[in-house]
Amino acid sequence: MVESLFPKGTARFWTALLSILLAFAIGAVMIIVNGDNPILAYSTMIQSSLGSVNNLAATLAVATPLIFTGLSVAVAFRTGLDNIGSEGQLYMGAMAGALVGIYLKGLPTTVHITISILAGAIVGGLWGWIFGWLNVKLKVNLVVTTIMANYLGILFTSYLANYPFKPPRAPIGSTTFVQDSARLYRFFDSSTLNAGFLIALAMLVVYALFFNYTKFGFEWKTIGLNRFFARYIGMNIHRQMLWAMFASGGFAGIAGAVEVLGVQGRFVQNMSPGYGYDGILVALLAGNSAPGILAVSILFGALRIGGIGVEQVTNVPSELSSVLRAIIILLVAAQAVIFAFLKTRRKKHHELGSTVRS
Amino acid sequence: MNWEALFGPSVLEASLRIATPLLLAALGGAFTHHAGIFNIALEGMMLFGAFFAIVASYYTSNWVIAIAVTILVGMIIGLLYGVFTIHLKADFIVTGIAINVLGLGLTTYLLRALFHVKAGLQDARIAPFPDINFPFLNSLGSINEIFNDQSLFTYVSWILVVVLWLIFYRTPFGLHLRAAGEHPDALETAGVSLTKTRYIAAVCCGVLCALAGAHLSLGYLNQYVINVTSGRGFISMAAVLFGGGNPVIIILVSLLFGFAESMSIRFQGIGVPGYFALMIPYVVTILALVVWSIQKQQKLQQAESAPESLT
């Protein structure tokens, strides 16, 4: 269980913040080695990702799929399920959303969008549920099967986009555009930021309410903390874990469907630059909390957009942002261990002290 | 339909060529598998090797130096992975994903920072790994066509299969390595350092994965393309799990996966979708895991019911 290793509460916040600052320091060295000025690079990064309404819109547009995939992974991790398959679930959901968006005709906009996104959620959810079922019923390693499922999902949807659903004379593997009634509303002409962001915010609220105030949320958390205890006190852990896998895949599926309906307008092969994998990093860094997921998604969105901005002004390639992402998560992983070590030492100290006193 | 083009010797020749990086990385994965490290970082380790091999070959035009640099880079990545997973006891999945993200990010960053190119690097200065010609095979027709004139590391990988099998199953170190995975406490009791054994495994894994990547860029494509591995590390991981770390099964599975990929290319060439052939490694692995899990469950059930039947 990945989750249990990380510190909780304020410790988590400071670990994350320290890691981010350290990563930027390491990034600064890379920028200097590259012959550029790190202060210029970082101020450009902030300016081009957050400095104006347009730039902020671009950042939030990238943050939108990350919120969904972050939620996808967070739901699974909180229930003690190591679902690494959000990327494949995203593609399956994207294709389902696209097909419903293309082939259902004559519906009012709200209905059409709702059905398309639901289709994405259901297909993505099923693509998670299958491997959850193999894990729960047959004890097949979930990490391995969901990694394999990523590639199966990507290959299968690529096949659909290149053969049965490819319009004639289309150059790359993509479907036709969805109906106008299935397009998510865009706030600005100059940005792909769309109503999907509001759906993402709503889902964050639903997620927080579900885990904090509902019976099922409580059961899922309990299963995540200790599934043997959960079974012992009479919870139907298998059924709940399957629902959790469905929900996890569902969020990833929504990520894909929203990308199709709001950004691309159709299914395009290779449309996700690893949003599913980034979702894992988002959930880990955010400690699975709803505000954390929002903050980290915006941070990662700003890094991605800011990286592109830096490339235009300096000689620093935009991939600086993925390097920073990787370093942040490595540092968090390392610090988590250091925190745990300090805690056990303090505890030992405490125990020793108390035995001496008694 | 031209069956000769589909199933002729050239398909088998291509299968061997395609299987080589899968095999090399999987042999690396076998080290960590035996040592009890659940390694999903093969992909990232391969990318580092693929990139630095090209860089070394570009600046020196010498493939021997390229191999030396690749091995060094592989050792560093293996050590880095070891520091996080063994020393700091960080989670295998988190570390693995971080190494994969870092591999893709850093190689792309450096490619563009050093060479100012957009998608890849192709240059006359890059010295590829040599193809090896065995004169005694020349008169053997199809056999010659399939097995002769393969790239250096294709033959090296076959030799490694034998060497690693001997190391894993016939040497004290191999015993320690497998004990590190199966009975780590027993290993410590026997006075062998678990940490040291796992570090050796991580470093060997890094080196073999880096060589796998180097073969991709210098033995196969003779250029560097961004994300050149494109998921091959995970196919290798599948081969490791399928073979349970046994090099002999790993080479057979790698050849099967290589054959599947070369078939998919052929299919594509005659207008038949090759995607389903490309799915074979993943489907095969999932099915194998399911079958093993069912067998394990049955054994457990038998073990549970046995005492009852005695009473």
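What follows is calculated from the coordinates using simple rules that are stated; it is not laboratory data. This one's a predicted model, so the numbers in the text were calculated from it and none came from an experiment. In this analysis, Cβ positions are derived from the backbone assuming ideal geometry, glycine residues included, and neighbour counts consider all displayed protein chains.
For chain B, adding -39500 (n - 2.57) for each run of n ≥ 4 DSSP H residues and dividing by the number of residues yields -24500 deg cm²/dmol at 222 nm.
Give me the inter-chain shielding for A:151-159: mean count of other chain Cβ atoms within 10 Å, whole number please. Show your work: numbers first, answer last.
Working: counts 10, 7, 1, 4, 10, 3, 1, 3, 6.
Average neighbour count from other chains, rounded to a whole number: 5.
Comparing mean-square fluctuations of B:PRO184, B:PRO128, B:PRO247 from a GNM of chain B with C-alpha springs under 10 Å, the top value falls on B:PRO184. Between A:VAL205, A:VAL100, A:VAL263, the residue with the greatest mean-square fluctuation in the GNM of chain A (Cα pairs under 10 Å linked by springs) is A:VAL205. Calculated mean residue ellipticity, 222 nm, chain A: -25500 deg cm²/dmol, from DSSP H runs (n ≥ 4) at -39500 (n - 2.57) each, averaged per residue and rounded to 500. Of the DSSP H helices in chain A, those that are both long (alpha-carbon extent of 24 Å or more along the helix axis) and hydrophobic (Kyte-Doolittle mean at least 0.5) are A:9-33, A:53-78, A:86-103, A:109-138, A:142-162, A:196-213, A:237-258, A:290-313, A:320-357.
Counting Cβ atoms of other protein chains within 10 Å of each residue's Cβ and taking the mean over peptide B:285-293 gives 4.
Quick one: compute the contact order of region B:10-145, relative version, from alpha carbon pairs under 8 angstrom and 6+ residues apart, as a percent.
Relative contact order comes out at 29 percent.
For the protein assembly as shown, just say rounded, prolate or oblate: build the C-alpha gyration tensor, square-root its eigenvalues into a ≥ b ≥ c, call rounded for a/c under 1.5, and beyond that prolate if a/b exceeds b/c, oblate if not. Note, shape of the protein assembly as shown comes out rounded. Averaged over peptide A:314-325, the number of partner chain Cβ atoms lying within 10 Å of each residue's Cβ comes to 5. When chain B is treated as a Gaussian network with alpha carbon springs shorter than 10 Å, the biggest mean-square fluctuation among B:GLN295, B:GLN150, B:GLN223 belongs to B:GLN295. Ranked by the mean number of other Cβ atoms within 10 Å per residue, highest first, peptides A:131-138, B:297-304 order as A:131-138, B:297-304.
Between the listed residues A:PHE267, B:LEU175, B:TRP158, the Cα displaced farthest toward the positive end of the dipole of the protein assembly as shown, a dipole computed from Cβ unit charges relative to the Cα centre, is found at B:LEU175. Helix B:232-243 and the longest principal axis of the C-alpha atoms of chain B enclose an angle of approximately 40°. Scoring A:16-23, A:102-109, B:200-207, B:255-262 by mean Cβ neighbours within 10 Å over their residues and listing the highest first yields B:200-207, B:255-262, A:16-23, A:102-109.
For region A:3-352, averaging the sequence separation of C-alpha pairs within contact (under 8 Å, six or more residues apart) and dividing by the residue count gives a relative contact order of 35 percent.
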